[in-house]
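Have a look at the structure below before the remarks.
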């Protein structure tokens with residue numbers, strides 16, 4: 001039995017409540033009759049797979065958006081009014097949030113960041129000594145040891161995270177929301193954040209802690225709200241709830257309708273990674289990728305997944321180890337050379353690093369091999385149109401024409417163009433980092449089909465995804481990466497529950 005939260009005493013009034021909250025977007029029910037209560041000093045974990053409704057719930061509490069129906073109450077006051085003013089009203093009622101992308105100004109000092117927009121003044125001038133004193137006080141409250149006069153750009157990732165937390169703690173907020181605060185931190189740095197959160201709770205601030213790291217969650221939070229498909233699947237006391245029970249609530253039974261991959265692959269090794277080290281992210285990584293294989297890399301944000309692909313393809317240097325491609329040793333790959341050898345790489349952030357938004361589908365596709373569509377340096381547009389049309393049909397890209405700017409397409413169609421450029425280039429090894437992030441269900445199914453077709457043609461694919469339940473649907477084998485170390489291997493058919501439990505387990 002899952003341990004359900006019991007009602008607290010009446011005098012412990014909620015600092016934040018959502019009552020029967022509903023929020024819809026075109027084609028999506030993001031919140032479906034959600035009720036949520038949080039009390040003073042409570043640390044509540046907010047759990048759920050991607051698309052479960054966590055981010056939408058947070059936006060309602062911070063006033064970034066407004067519920068279609070239902071109510072939000074903060075510190076006993078109903079959050080209502082024009083949507084344009086809700087964020088300011090929520091802040092005035094004591095709500096603060098720290099997101100994965102920090103908002104610090106790198107070129108300013110720690111003290112200047114902590115006092116940003118609220119400069120202490122004396123005689124009409126900024127009082128820098130008072131600013132430094134205030135910063136020391138704010139930092140010491142959370143046990144943070146950072147020089148207030150240090151430039152933010154000189155700090156470690158953990159120190160920056162702590163400064164961001166110290167900034168939102170100014171003025172004693174009622175509620176602080178921490179969205180994956182340790183996703184980019186090494187194991188040793190995580191301890192600093194955990195201690196800061198404990199001090200926040202001791203000061204009476206309620207905390208919503210968004211994370212998938214069960215070892216951290218159990219040390220920080222006493223309770224968890226688990227969301228699935230826009231609903232609250234359960235409010236549980238973590239002390240009496242197993243990780244397997246958490247997984248069951250997160251996934252439900254819907255994933256069982258899809259059948260996992262069941263296929264034997266060749267023993268022919270295409271890519272071998274041996275003893276690769278890339279501090280502080282990767283430690284002694286070794287694995288083999290076979291011809292015609294789709295190899296999944298599972299792990300939490302910050303586990304080193306993206307860094308692994310970048311190291312293999314030559315975008316980031318590694319300190320030790322070697323890569324063997326088709327029997328040839330490559331001690332320090334170069335990106336341009338790896339592309340020439342037959343590698344293709346799709347980045348995690350499609351919009352920033354994967355597409356050139358103002359160029360057409362055609363130019364975004366043929367950019368990986370311009371020689372194929374040029375004659376003595378002159379581009380042949382009829383040939384570009386014909387070859388792009390072939391890729392668009394194969395990848396099921398929906399666009400008015402091949403010259404349509406790729407930035408105007410849906411996320412799913414953009415992603416199919418990004419993958420399609422490597423199909424056009426004839427790449428033999430595709431490294432796909434979050435290839436289904438931000439795409440709809442239909443586009444996901446099309447991407448799964450494309451990846452499986454490429455494998456059947458003898459191409460080899462490394463597939464990274466934060467959506468754990470999709471890995472068994474597309475991968476022949478899955479490696480679990482935790483804190484920069486490969487810890488387990490799963491061979492198809494893979495059970496999604498077992499994989500999720502392994503990812504979330506204490507390690």
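The values are calculated or read from the model by the stated rules, or taken from the named source; none is laboratory data. Small disclaimer: the values here were computed from a predicted structure and weren't measured. Cβ placement follows ideal geometry from the backbone for every residue including glycine, while neighbour counts extend to all protein chains displayed.
Scanning the range 144-162 for residues being under 26 Å from the mean Cα position of the chain (by Cα), without any contact (Cβ under 8 Å) to a residue 12 or more places away in the chain and not in a helix (DSSP H, G or I) gives a total of 0.
Residues satisfying the criterion are absent from the range 195-211 (criterion: out of contact with any helix residue (DSSP H, G or I) (no Cβ under 7 Å at 6 or more places or on another chain), crowded, with 16+ Cβ neighbours inside 10 Å and within 24 Å of residue 298 (Cβ to Cβ)).
Residue 464 - would you say it is touching a helix residue (DSSP H, G or I) at 6+ places or on another chain (Cβ under 7 Å), closer than 15 Å to residue 294 by Cα, surrounded by 20 or more Cβ atoms within 10 Å (Cβ to Cβ) and in contact (Cβ under 8 Å) with a residue 60 or more places away in the chain?
When the stated conditions are applied, residue 464 passes them.
Going by the structure shown, is residue 376 assigned by TED's automatic domain parsing to the domain that holds residue 410, free of Cβ contacts under 8 Å to residues at least 12 places away in the same chain and surrounded by 12 or more Cβ atoms within 10 Å (Cβ to Cβ)? The answer is no for residue 376. Residue 280 satisfies every condition listed in (1) in a loop (DSSP other than H, G, I, E, B); (2) within 30 Å of residue 100 (Cβ to Cβ); (3) at pLDDT 90 or above except (3). Looking at the range 341-365, which of its residues are part of a helix (DSSP H, G or I) and within 29 Å of residue 466 (Cα to Cα)? Passing the criteria: 341, 350, 351, 352, 353, 361, 364, 365.
Within the bounds of the range 134-143, is there any residue that is outside the structural domain of residue 300 (by TED's automatic domain parsing), within 30 Å of residue 56 (Cβ to Cβ) and in a loop (DSSP other than H, G, I, E, B)? So far as the range 134-143 goes, yes, one or more of its residues are outside the structural domain of residue 300 (by TED's automatic domain parsing), within 30 Å of residue 56 (Cβ to Cβ) and in a loop (DSSP other than H, G, I, E, B). All of (1) assigned to a loop (DSSP other than H, G, I, E, B); (2) not assigned by TED's automatic domain parsing to the domain that holds residue 284 hold for residue 493 with one exception: (2).
You will find that of 443, 455, the residue that is at pLDDT 90 or above and buried (at least 16 other Cβ atoms within 10 Å of the Cβ) is 455 and no other.
Out of 79, 93, one residue alone is surrounded by 15 or more Cβ atoms within 10 Å (Cβ to Cβ), touching a residue at least 60 places away in the same chain (Cβ under 8 Å) and over 28 Å from the mean Cα position of the chain (by Cα). It is 93.
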